[in-house]
1. Give me the 1.4 Å probe accessible area per residue for the chain, excluding ligands and nucleic acids, in Å².
2. Would you please name the trypsin sites (Lys or Arg not before Pro) within segment 14-76 that are DSSP coil residues with at most 11 other C-beta atoms within 10 Å of their C-beta?
3. Given only helices, namely DSSP H runs of n ≥ 4 each adding -39500 (n - 2.57), what is the per-residue ellipticity at 222 nm of the chain, to the nearest 500 deg cm²/dmol?
4. Not counting ligands, DNA or RNA, and with a 1.4 Å probe, what is residue 69's accessible surface area in Å² rounded to the nearest 10?
5. Calculate what fraction, in whole %, of the accessible area of the chain sits on carbon and sulfur atoms when a 1.4 Å probe is rolled over the protein chains.
6. Count charges around residue 36 for me, please; just the other residues with Cβ under 14 Å from its Cβ, Lys/Arg as +1, Asp/Glu as -1.
7. Mind checking the angle between helix 28-38 and the chain's longest principal axis? C-alpha axes, 0 to 90 degrees, to the nearest 10.
8. Suppose a student asked you for the relative contact order of the chain, using Cα pairs under 8 Å spaced at least 6 residues apart; what percent would you report?
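The values are calculated or read from the model by the stated rules, or taken from the named source; none is laboratory data. Model, not experiment: these values are computed from the prediction. Reconstructed Cβ throughout: ideal geometry from the backbone, glycine too, with neighbour counts over all protein chains shown. Side chains are part of the model used for accessible areas, which takes the heavy atoms of the whole protein and leaves out ligands, DNA and RNA. Shrake-Rupley method; radii C 1.70, N 1.55, O 1.52, S 1.80 Å.
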Amino acid sequence: MLAAVLDDGLEAVEAAVREALLAGVTSDDIILNILARHREPVPPLAIITLEDLVLRHPPRADCNRYDSLRGLHAAA
């Protein structure tokens, strides 16, 4: 638990230990799991898309169009 203080801070570890004790468990794995659940997720990096890569014709959910591309002699 002391190593978790370096990563998450004393207040977060203390709160996780308190939550585990209230639940009636004392396993360090459960306390680390509680800490992991309370961490804020890292926001994903923004990807800059060039204008040349933007779709001109967005895909449509149209099975008839797909069947017409396969041709009449395609195996069903």
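1. Per-residue value: 96 Å².
2. For trypsin sites (Lys or Arg not before Pro) across segment 14-76 that sit outside H, G, I, E and B with at most 11 neighbouring Cβ atoms in 10 Å, the list reads 39, 56, 60.
3. -15500 deg cm²/dmol
4. 130
5. The computed percentage sits at 60.
6. -4
7. 50
8. RCO, the chain: 21 percent.
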